[in-house]
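Q: The following block contains the structure, expressed as structure tokens.
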Amino acid sequence: MEILLHSVETATGAQAVRLILAPLYRGEYPADRFSLGEGAAALGAVDERLLAAVRDAPPAGRSVPFTANRNSGTDDGLFDTLPAAIGALIVVRIASPSAFYGALCVAYDEPQAFAEGLLDLLAGFANQGSLAVTNSRLLDGTEYERERLAAILEAIPEGVLVVDADDCVQYANPTAEAMLGAGLLGVGRPVAESVSQPDLARLLKESAAAPRSMEFSGAEGRRLRGVVRSVRSADGNGVWQVCVLQDVTSFRELDELKTEFVHTVSHDLRRPLTMMEGLVHMIEMLGPLNAAQQEYARRIRLSAQEMNRLVKDLLDLGRVESGVEIRRLPVQLSAVVERVVDGLKPEAAANNVKLRVKIPDGLPNIPADASLLERALGNLLENAIRFNHPGGTVDVAVKLSGDTVVVAVTDNGIGIAPADQPRVFEKFFRVAPTSDPEHPAWGLGLAIAKSVADWHGGKIWFETKLGQGSTFYLALPLRG
């Protein structure tokens with residue numbers, strides 16, 4: 001601005017030049033003032049009047065500078081508060097197309113005729129001032145946003161890592177540094193040199209449209225969960241990776257305690273449930289029962305069977321998660337699928353649901369535990385039947401996809417609501433209540449299927465539309 005004022009003074013021959021900048025936000029801080037020449041500071045007494053004179057722009061076209069001469073009869077007392085040495089004023093509006101910035105004021109000691117060329121010259125200087133203010137305020141705004149973002153990232157309880165398009169770690173907030181400890185060797189270096197935690201380094205080097213997540217061990221024995229999203233760089237020529245780290249140690253400890261408790265209770269329940277079924281059978285053998293007694297016995301037997309089914313589910317889930325009594329052997333997947341489908345045909349018929357199977361010839365054997373696969377596929381197929389409409393269909397299709405084999409179970413049933421979708425694979429979470437009170441859903445089927453997929457090194461996911469049906473996919477590796 002000082003350079004601009006010197007240029008105006010030299011080009012116009014003015015005795016005083018003053019630049020008045022209005023506050024960016026009303027009342028936030030005082031307006032900036034720049035003065036040059038004898039008597040320029042005295043113009044401060046009428047700054048607000050000078051700003052008001054050029055604040056409002058015409059609807060279209062070029063704004064007209066404000067001009068005034070002392071004793072002209074049209075100055076409206078403007079010169080009454082100014083030194084007698086000021087005899088004429090020119091005020092030019094400084095603004096961008098979207099904002100008013102302030103005014104450039106030129107003062108002379110004698111009245112002036114205000115030639116058109118002089119006014120055009122001042123308009124050009126005003127444009128230069130407008131560009132300077134625009135750039136300055138953009139820079140201030142950018143710096144303010146940067147500082148605000150840095151403060152937020154430093155305050156949040158999650159760790160944040162940012163990797164640029166050249167696979168270099170560009171940022172790590174203090175929480176991330178504390179979580180990773182010696183696992184983060186520095187910022188500004190390639191991921192391979194900066195991140196010594198191998199699983200996290202591999203995750204940061206991947207690039208995919210969908211978010212990726214994993215759990216791994218951090219500093220001081222913490223259990224961390226990392227979620228990585230790929231974002232396009234500002235210039236659009238590269239992809240950056242943003243990783244959010246969460247400390248899930250307490251959740252995992254709680255989950256382990258819950259699993260241990262459930263496993264213990266399940267073991268303790270097997271004996272009384274078996275005894276209950278045996279005693280009901282013995283009561284029926286003692287002699288004829290009337291209709292009411294037969295109904296009570298039937299209900300007791302069904303309840304004991306359902307509780308035994310729940311106990312079996314819990315024990316199977318614990319067995320899969322711990323890896324106990326599981327063997328990985330060559331398995332013919334087509335035979336497993338056919339056995340599961342055959343076993344559920346009576347239930348499908350009872351629910352008026354049609355089963356259709358499509359298995360290609362020549363499927364290779366896969367390394368797996370056949371009983372676990374039957375359990376996982378049975379749970380997927382049973383859900384597809386149970387939550388379908390009468391007269392609906394369930395399609396089971398198997399196909400090869402690269403180095404994996406994928407089993408898809410598709411139904412045209414009720415679908416899954418968006419609010420329920422993130423929790424579908426949680427233990428004991430039920431998407432919808434069962435319509436059969438004698439065969440309740442415990443919310444373990446999909447949790448078991450996911451555990452089976454994880455143990456085999458595979459994946460399970462789904463696609464769904466509410467009211468139109470769902471497709472669950474189970475992908476298994478062809479090689480162990």
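Nothing in this text is a laboratory measurement; each read-out follows from the coordinates by a stated rule. Keep in mind that this is a model prediction, so the values were computed, not measured. Every residue, glycine as well, gets a Cβ built from its backbone with ideal geometry; the counts of neighbours run over all protein chains shown.
Q: I need the GluC sites (Glu not before Pro) found in segment 345-435, filtered to DSSP loop residues with at most 15 other beta carbons within 10 Å of theirs.
A: The qualifying sites are GLU426.
Q: Among the GluC sites (Glu not before Pro) in segment 193-236, which ones are in a DSSP loop with at most 13 other Cβ atoms within 10 Å of the Cβ? Mind listing them?
A: Here the GluC sites (Glu not before Pro) that fit, given the DSSP loop and packing criteria, are GLU206.
Q: Quick one: which residues, 5+ away or cross-chain, put their amide H under 5 Å from the amide H of LEU478? H built at 1.01 Å from N.
A: THR404, VAL405
Q: Still on this structure, I have one more. I'm spelling it out carefully: the read-out is Cα extents along the principal axes in Å, the candidates are (i) 79, 51, 40; (ii) 128, 55, 45; (iii) 138, 77, 43, and one was derived from this structure. Which label?
A: Only one listed value fits the structure, namely (ii).
Q: Looking at the chain, identify the longest residue range that excludes and avoids all trypsin sites (Lys or Arg not before Pro) in DSSP loops having at most 15 other Cβ atoms within 10 Å.
A: 63-326
Q: Then there's this: Could you run the Karplus curve 6.51 cos²θ - 1.76 cosθ + 1.60 with θ = phi - 60° over segment 198-212 and give me ³J(HN,Hα) per residue in whole Hz, x for Gly and Pro?
A: Per residue, the Karplus-derived 3J(HN,Hα) values read x, 5, 5, 4, 5, 5, 6, 7, 6, 9, 8, 5, 8, x, 10 Hz.
Q: Give me the distance in nm between label points sitting 7 Å out from Cα along the Cα-to-Cβ direction at SER217 and PHE261, one decimal.
A: 2.7 nm
Q: If I take every Cα pair under 8 Å that is 6 or more residues apart in segment 329-477, average their sequence separation and divide by the length, what percent do I get for the relative contact order?
A: Relative contact order comes out at 24 percent.
Q: Could you run the Karplus curve 6.51 cos²θ - 1.76 cosθ + 1.60 with θ = phi - 60° over segment 237-242 and give me ³J(HN,Hα) per residue in whole Hz, x for Gly and Pro?
A: 3J(HN,Hα) across segment 237-242, in whole Hz: 9, x, 10, 9, 10, 10.
Q: Quick one: 3J(HN,Hα) in Hz for segment 141-157, Karplus 6.51/-1.76/1.60 with θ = phi - 60°, rounded, Gly and Pro as x.
A: x, 5, 5, 4, 5, 5, 5, 5, 5, 4, 5, 5, 5, 6, 8, 5, x
Q: Sticking with this structure for a sec: Using a 7 Å offset from the Cα along the Cα-to-Cβ direction at both GLN128 and ARG229, what is the distance between the two label points in nm, to one decimal?
A: The modelled label-to-label distance comes out at 4.6 nm.
Q: Filter the cross-link list LYS312/LYS399; LYS399/LYS459; LYS258/LYS427; LYS358/LYS465; LYS312/LYS427 down to pairs whose alpha-carbon distance in this structure exceeds 19 Å.
A: LYS312/LYS399; LYS358/LYS465
Q: Once the Cβ-Cβ distance between LEU329 and ASP361 is put in as r, and R0 is 30 Å, what FRET efficiency do you end up with, to the nearest 0.05?
A: E(calc), rounded to 0.05, equals 0.85.
Q: Within straight cross-link reach of LYS345, meaning Cα distance under 14 Å, which aspartates and glutamates are found once same-chain residues fewer than 8 apart are removed?
A: Within the straight-line cut-off, LYS345 pairs with GLU382, ASP395.
Q: Moving on to the next point. Can you list residues whose amide H is under 5 Å from ALA16's amide H, if they're 5+ apart or on another chain and H is modeled 1.01 Å from N?
A: HN-HN under 5 Å from ALA16: ALA107.
Q: Using Cβ counts within 10 Å as a stand-in for footprinting exposure, how do THR404, THR274, THR142 rank, fewest first?
A: Fewest to most other Cβ atoms nearby, the residues stand as THR142, THR274, THR404.
Q: Can you list residues whose amide H is under 5 Å from GLY102's amide H, if they're 5+ apart or on another chain and H is modeled 1.01 Å from N?
A: ALA22, ILE94
Q: Tell me, MET282, MET307 in order of fewest to most beta-carbon neighbours within 10 Å?
A: So the ranking, lowest neighbour count to highest, is MET282, MET307.
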